Structures are given as structure tokens and as C-alpha cells.
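A.B. asks: Got a structure here, written out as C-alpha cells. Questions coming.
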Amino acid sequence: MTLFRTIAIAAAFTAASAFATAAAERPPEVHQMSPSARQVGEAQYQFLAWRLFDAALWSETGVFAWDEPFALTLTYRRRFSAQDLTNRTLSEMSGRGAGDAASLAPLAAPLRACFADVAPGDRITGVSTGTSTARFYFNGRQRCEIRWPGFQRSFFGIWLDASGSDQALSNQLKGRA
């Protein structure tokens, strides 16, 4: 093996190790949820060639369960407006059977208050606090709390209860990849 190839392999391994370490770092808002929280899984979401966000799922036991507190962190790799995030969320929730546009309309303003315009590196964390409640953080600072019937499954299910092409993402987040 040439010296150049050895250096290239070592550099690639170091970069991969640094990414894994950074991805496994527990955000402060997750620590607040549970000081002993452990990462359940992680995944990257891409659309065509564009990496849109990295996701990590956290729970106290390191295992996902709907009836236990958990946190989902999305670290964005592209710019999105709070309005775009809100619209996409409502569309996904509607597509999952949470209601039509008219019945979800009262949720739009509270969600918009939870989200912020994001740039690469920004982090939004949703902490499930019950079947109908969640707290949202932007880069570690709490922005809001949502109370909506069945919110846990209809919102977090976008990533955690996905089917079809999103099944791989869901399985990775739940540590089943």
C-alpha cells in the first residue's frame, strides 16, 4: 500500500469517526428531557441528490416506544422557511389521516410559532411529552408547546411510522437498519 493511499484511508476513517461522534452527541434539550437519554438511531434524508436533513431519535432506554418519552432531532442541511416547514408538516399529517386541510387549519399558527426559518446546521427538536402534546426547540431553545388530539402519532409518525419509500428512514431512526 502506498503512503498516499494509507494517508487517504486514515483521513477517511478520521472524518467518518468525527461524523459519527458529532451525530451521537446528545443535544441539551434531549438531556433536559432525560439526563440518561440515549440515541436510538439516526438517518439522513435526501431528495434526489440533495441532502435535506439529518435525523436522530432519542429515548431514555435507547429503544423506541410510543408510550415512552422520546425526542426527534432534525439538523437541516438546506434553507427552508418556517412557512414551508409548516405547510409540509400539515400536508404530511393530512396524508397520514390526521384530517383534511380545513380540520388542520387551526394547527397552522401554533406550528408556525414552533418552527423557524432554518439554514444549514440549524436544529429543530421535537420532544414527545404525551399522546397529544409535544415541546419544540430551535437550536436548543424552547419555542413552543403543542396540544392537539393525537398529535404524537400524526406528527412524529411522519418519520417514525412511515411506509413505502420512507420505511428505510423510519427503520434507521428506530435502530432497525
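The values are calculated or read from the model by the stated rules, or taken from the named source; none is laboratory data. All of these numbers come straight from a predicted model, not from anything done at the bench. We place every Cβ from the backbone using ideal geometry, glycine too, and count neighbours over all the protein chains shown.
A.B. asks: Quick check on my filter: what residues within the stretch 125-169 are out of contact with any strand residue (DSSP E or B) (no Cβ under 8 Å at 6 or more places or on another chain), of a type in the set (S, T, N, Q), closer than 17 Å to E68 by Cα and not in a loop (DSSP other than H, G, I, E, B)?
C.D. replies: S154
Yes or no, residue by residue, for (1) in contact with a strand residue (DSSP E or B) (Cβ under 7 Å, 6 or more places away or on another chain); (2) of a type in the set (G, A, S); (3) modelled with pLDDT under 95:
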site	(1), (2), (3)
Y45	yes, no, yes
W58	yes, no, no
A71	yes, yes, no
L74	yes, no, no
A82	no, yes, no
E92	no, no, yes
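A.B. asks: So R79 passes all but one of these: (1) touching a residue at least 60 places away in the same chain (Cβ under 8 Å); (2) of a type in the set (K, R); (3) loosely packed, with under 13 Cβ neighbours inside 10 Å. Which condition number does it fail?
C.D. replies: Of (1) touching a residue at least 60 places away in the same chain (Cβ under 8 Å); (2) of a type in the set (K, R); (3) loosely packed, with under 13 Cβ neighbours inside 10 Å, only one is false for R79: (1).
A.B. asks: Quick check on S103: is it more than 15 Å from the chain's Cα centre (by Cα) and either closer than 19 Å to D161 by Cβ or of a type in the set (D, E, K, R) (or both)?
C.D. replies: Details: more than 15 Å from the chain's Cα centre (by Cα): yes; either closer than 19 Å to D161 by Cβ or of a type in the set (D, E, K, R) (or both): no.
Answer is no for this residue.
A.B. asks: Which pairs turn up if I take residues in the stretch 149-177 that are within 20 Å of S59 (Cβ to Cβ) and small (G, A, S) and look for partners that are at pLDDT below 95 and assigned to a helix (DSSP H, G or I) with beta carbon separation below 6 Å, at least 6 apart in sequence or on another chain?
C.D. replies: Pairs that qualify, where the first residue is within 20 Å of S59 (Cβ to Cβ) and small (G, A, S) and the partner is at pLDDT below 95 and assigned to a helix (DSSP H, G or I), are S154/M93; A162/S170; S170/L160; A177/N171.
A.B. asks: For the stretch 25-71, give me the residue count where each residue is small (G, A, S) and in a loop (DSSP other than H, G, I, E, B).
C.D. replies: Within the stretch 25-71, the first condition is being small (G, A, S), and the residues that meet it are 34, 36-37, 41, 43, 49, 55-56, 59, 62, 65, 71.
Restricting the remaining residues to those that are in a loop (DSSP other than H, G, I, E, B) gives 34, 36-37, 49, 62, 65.
Looking only at that region, the number is 6.
A.B. asks: Something else: Within the stretch 104-159, can you find the residues that are in contact with a Ser or Thr (Cβ under 8 Å, 6 or more places away or on another chain) and among the basic types (K, R)?
C.D. replies: Correct list: R112, R123, R135, R147, R153.
A.B. asks: Within the stretch 109-124, track down each residue that is surrounded by 15 or more Cβ atoms within 10 Å (Cβ to Cβ), of a type in the set (D, E, K, R) and part of a loop (DSSP other than H, G, I, E, B).
C.D. replies: Selection gives D122 alone.
A.B. asks: Filter the stretch 115-150 for residues that are over 22 Å from V40 (Cα atoms) and of a type in the set (F, W, Y); which is nearest to the chain's Cα centre (by Cα)?
C.D. replies: Filtering the stretch 115-150 for residues that are over 22 Å from V40 (Cα atoms) and of a type in the set (F, W, Y), the one nearest to the chain's Cα centre (by Cα) comes out as F115.
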